[in-house]
Amino acid sequence: MTITKKNPVESNSEINSQDHDNSASHLSNDRKDQIRKIPKRSGTLRNRLLMTLLPTLLIPLAVANGIAVNVINRDIKGGKLQEQEKTVIITGHITSQFFQAVQNVNNVLEVNPIILDSLKSGTQKVQSEGLLQKSIDEVEQQFATTKLLSLNQALNNYLQTLAEENNIAEIIITERNGFNVGYNSPSSDFVQSDEEWWQTAQQKGATILEPKFDESSNSAVLELVAPIRYLKTGELLGVGKFGVSIKHLNERLASIVGVKLIGSQTIQIIDSKTARSLNTMTAEETTELTEIIGGQEVVEILRMFSEAARNRDTELENLGELQGISNVELTKFNEDEIVMFFENGERYFHVINIPATNLVAITSIEKAQVAAQRNQLIIILGSTALLLAGLATGIIFLLSQKLSQPLANLASKAQQVANGDLEVEANLEGTQETQFLAENFNNLVKQLKILIQEQRNFGQEKEQQTKALEQEIYQLLNEVEGALDGDLTVRASLTSIEMSTVADLFNAIIDNLKDIAVKVKDSTTQVSSSLEADQLLIQKLAEQAIEEVEATHHTLESVKEMSNSIEDIAENANRTAVLAQDTHTVTQQGASLMDETVDSILNLRTTIGDTAKKMKRLGESSQKISYVVSLIEEMALKTNLLAINASVEAHRAGEQGEGFRIVAEQVSALAEQSSTAAQQITTIVKEIQLENQEVSKTMEIGITQVVNSTNLVESTKQNLKKVLELSESINNLMQSISKTTVSQTIISHTVRELMERIVQQSKQRLAYTQKVTQSMETTAEVSQELELAVRQFKVKD
């Protein structure tokens, strides 16, 4: 029987070459599959930082901007309207003082003995001459020359002086029957009893008549008519008419409040009864007898307001129901004055009544002017907010770029390693965490290179051992080749330690072959059966080894996925720790700023309290001044009465009392000047008191607002302190989590390396099992061949 032999070294070399190619191909395909299985991220770290930090900064900035806009809108409108309310109050006081000065003239006339004597003597002359029984035309013709009952030049001169000192255009005094007794300038009529003004004064008392235009003075004139009575008995002695030029009132208003008018602001003095405007003052000009701003709707509400103010009825609930009128508000300034605010059309109005008259002072301003200043501040605030938002966005963008760039570079290096380039080395850049991560990455690549090199060296060593073993087997086969032909005298050499056992066994077999040749023939059948049974067991063992390799491979894949997940968790934990640290730092800064704010508000509260005390002392001082001024006025009045009595006595004395009369006149003039100065001081003191009251109210409101602000800021400080404590706890917790995840990353790398080694060992056991299976199959074939070969021996029975 002929058996074809083949060099086992060449055969195994071809098998190893094929196995190496298959393994390389398998590893290459596995790597490509792993690269394809890398999950795509939903976004870069820089984009996530921008999406997180930008809203955190911009939303509070937008909310703060909105709150500031509301505060500006409220403060600008409130401040402008408060300024307008102050203007109308000052205008009302000036107008009231202006007409009070005229009324004071009438009061002076009622205590002047010259006036009283002239009125009494005039009435006696009317009765003695029977003028009441004559017609008006006859009386007018009789007194056409002087237009006076009796020519009293001293009285007329006194009236002229009185008119000049008090800016009065016309003064006419009649006795109680309506005949002229005196005037500062000649009158067109002698009999006044048929005149409407005279009848109004006699029936209604002191009254301000409808204004009219005086061509001689080229100005509107307002006439005040009042009865002259004897103070002790109240007897009617006569009637006086005082014509006041609106021009003087306009000049005084222009010097005090007119200079402060801007834009669409206007001031008007209106007779609510006749619906006539005495004047209209704007920032550009002042006109007289003009239309009332706002039209009929404003006229109607002014009429109702003036009537209610005279009746001291502040319950004007129906004012808000007038068509075109809205947001009516009433403020009782004092016992006699009421301030009203309302809106009509496109303007805001403030009104104050002039006590004891039908007059009201009204100021108005266009809503657009109030809104313009507010819009200008809002534009400035919005521009500032946009600038800050842009600056913050740029800073956040640069920070996110700086934080994310090292991680992006490291990800790029990792992708190169995944593609098979193991010569890559990551740069140590960025924060401490990214540098630590880059260093671990470099160490991982180095360990991977070492493992691959060890695997290659181990494969080469195994290949050399296999070749040596195959060579020795080939040598053994050559030595026992004669046994194939039935030569039982051959012997195997014992030169190799690895094959010595096999050689001894073969020699023993050859030695015993002669004795057992007969038995072999009988036993070959059993050997074949046993080999078939062993072959089934070995095949089952090989299948189990294959399953073990596959299970180990799947376990390795799971470990790799777990390692990648832990790395992602570590990366997220590091980022979260950085954000928590930044949040803690910002919260600490906010707490420090809040402490400074509380100290500033407390200092402001102390300052406002001191200022309020000083204003209270100033009010007390002004009251003392008022008391002193009242004494001066009383002294001036008594001095004036004394001078008048002295003048009367000097007149009775004739030429001998002429010098005494001149001195009395000088003393009277000095008393008049003292009275005028005292009135001016009283006016100034009242203005100071009004300003002091307004400042005191403002101080009280400011103190209340400061107290409320202090409470709010203190509450905010406590909440911010709690936030700071929670932020510090979160920061410590995140630092602990970051350290733990770094440790888990290192452990996962170690487990991954161990699993890779287990996979390699499982593959080696599988290869050994496959070789044993092949050897068993060869043994079975040898057994069969042996059975055939034994048949060649001739053995005796």
Item to complete: Inspect the stretch 399-421 for any residue being open to solvent by 90 Å² or more (accessible area, probe 1.4 Å) and in contact (Cβ under 8 Å) with a residue 40 or more places away in the chain and give the result as yes or no.
Response: yes
Discussion item. Suppose the filter is touching a Lys or Arg at 6+ places or on another chain (Cβ under 9 Å), open to solvent by less than 50 Å² (accessible area, probe 1.4 Å) and under 26 Å from Ser135 (Cα atoms); does Pro227 pass it?
Written reply: yes
Discussion item. Given the criterion over 21 Å from Val88 (Cβ atoms) and either of a type in the set (A, V, I, L, M) or buried (at least 19 other Cβ atoms within 10 Å of the Cβ) (or both), identify the matching residue among Gly205, Gly234, Gly240.
Written reply: Gly240
Item to complete: Look through Lys686, Lys721 and report the one residue that is within 30 Å of Leu593 (Cα to Cα), part of a helix (DSSP H, G or I) and of a type in the set (D, E, K, R).
Response: Lys721
Item to complete: For residues that are surrounded by 21 or more Cβ atoms within 10 Å (Cβ to Cβ) and not polar (S, T, N, Q), scanning just the stretch 243-256, find the one that is farthest from Ala372 (Cα to Cα).
Response: Gly243
Worksheet item: Name the pairs whose Cβ atoms lie under 9 Å apart, with the first residue in the stretch 170-186 and touching a residue at least 24 places away in the same chain (Cβ under 8 Å), the second of a type in the set (Lys, Arg) and open to solvent by 40 Å² or more (accessible area, probe 1.4 Å), and 6 or more positions between them or separate chains?
Response: Glu175/Lys120; Glu175/Lys125; Phe179/Lys125
Worksheet item: Which of the residues that make up the stretch 161-210 are assigned to a loop (DSSP other than H, G, I, E, B), closer than 19 Å to Lys147 by Cβ and of a type outside the set (Gly, Ala, Ser)?
Response: Arg176, Asn177, Asn184, Pro186, Asp189, Phe190, Gln192, Asp194, Glu195
Worksheet, complete the sentence: The residue that is farthest from Lys204 (Cα to Cα), considering only those in the stretch 232-261 that are in a helix (DSSP H, G or I) and free of Cβ contacts under 8 Å to residues at least 60 places away in the same chain, is Val259
Worksheet item: Within the stretch 715-728, which residues are open to solvent by less than 70 Å² (accessible area, probe 1.4 Å) and farther than 10 Å from Ala591 by Cα?
Response: Ser715, Ser727
Fill in: Number of the exception - Asn732 against (1) polar (S, T, N, Q); (2) closer than 27 Å to Ala612 by Cα; (3) open to solvent by 90 Å² or more (accessible area, probe 1.4 Å)
(2)
Worksheet item: Does Gln369 fit the bill of being in contact (Cβ under 8 Å) with a residue 40 or more places away in the chain and either over 30 Å from Gly263 (Cα atoms) or not aromatic (Phe, Trp, Tyr) (or both)?
Response: yes
Worksheet item: So which residues in the stretch 696-718 are more than 14 Å from Glu596 (Cα to Cα) and touching a helix residue (DSSP H, G or I) at 6+ places or on another chain (Cβ under 6 Å), if there are any at all?
Response: Ser696, Met699, Gly702, Ile703, Val706
Worksheet item: Is it the case that the stretch 285-303 has a residue that's open to solvent by 50 Å² or more (accessible area, probe 1.4 Å), farther than 24 Å from Val221 by Cβ and of a type in the set (Lys, Arg)?
Response: no
Worksheet item: Which number in (1) open to solvent by less than 90 Å² (accessible area, probe 1.4 Å); (2) at pLDDT below 75 marks the one condition that Glu691 misses?
Response: (2)
Discussion item. Go through the stretch 580-593 and report how many residues are of a type in the set (A, V, I, L, M, F, W, C), surrounded by fewer than 18 Cβ atoms within 10 Å (Cβ to Cβ) and touching a residue at least 24 places away in the same chain (Cβ under 8 Å).
Written reply: 1
Fill in: Pair list, Cβ under 7 Å, 6 or more apart: the stretch 91-114 residue more than 12 Å from Ala226 (Cβ to Cβ), other residue buried (at least 20 other Cβ atoms within 10 Å of the Cβ) and of a type in the set (S, T, N, Q)
Thr91/Thr363
Fill in: Lone qualifier among Leu151, Leu132, Leu81 - being open to solvent by 20 Å² or more (accessible area, probe 1.4 Å) and not in a helix (DSSP H, G or I)
Leu151
Worksheet entry | Positions within the stretch 154-165 being open to solvent by 50 Å² or more (accessible area, probe 1.4 Å) and either β-branched (Val, Ile, Thr) or closer than 15 Å to Leu249 by Cα (or both), in sequence order | Thr161, Glu164, Glu165
Discussion item. Is it the case, given these coordinates, that Phe99 is in the same structural domain as Gln192 (by the TED database) and within 30 Å of Val351 (Cβ to Cβ)?
Written reply: yes
Fill in: Gly122, sole failed condition from (1) part of a helix (DSSP H, G or I); (2) closer than 25 Å to Tyr230 by Cβ; (3) open to solvent by 90 Å² or more (accessible area, probe 1.4 Å)
(3)
Discussion item. Yes or no: the stretch 358-368 includes at least one residue that is under 22 Å from the mean Cα position of the chain (by Cα) and under 30 Å from Thr91 (Cβ atoms).
Written reply: no
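The values are calculated or read from the model by the stated rules, or taken from the named source; none is laboratory data. Please read all numbers here as calculations on a predicted model, not as lab measurements. Note that each Cβ is placed from the backbone with ideal geometry, even for glycine, and that neighbours are counted across all protein chains shown. Calculation scope for accessible area: heavy atoms of the full protein, side chains included, ligands and nucleic acids excluded. Shrake-Rupley method; radii C 1.70, N 1.55, O 1.52, S 1.80 Å.
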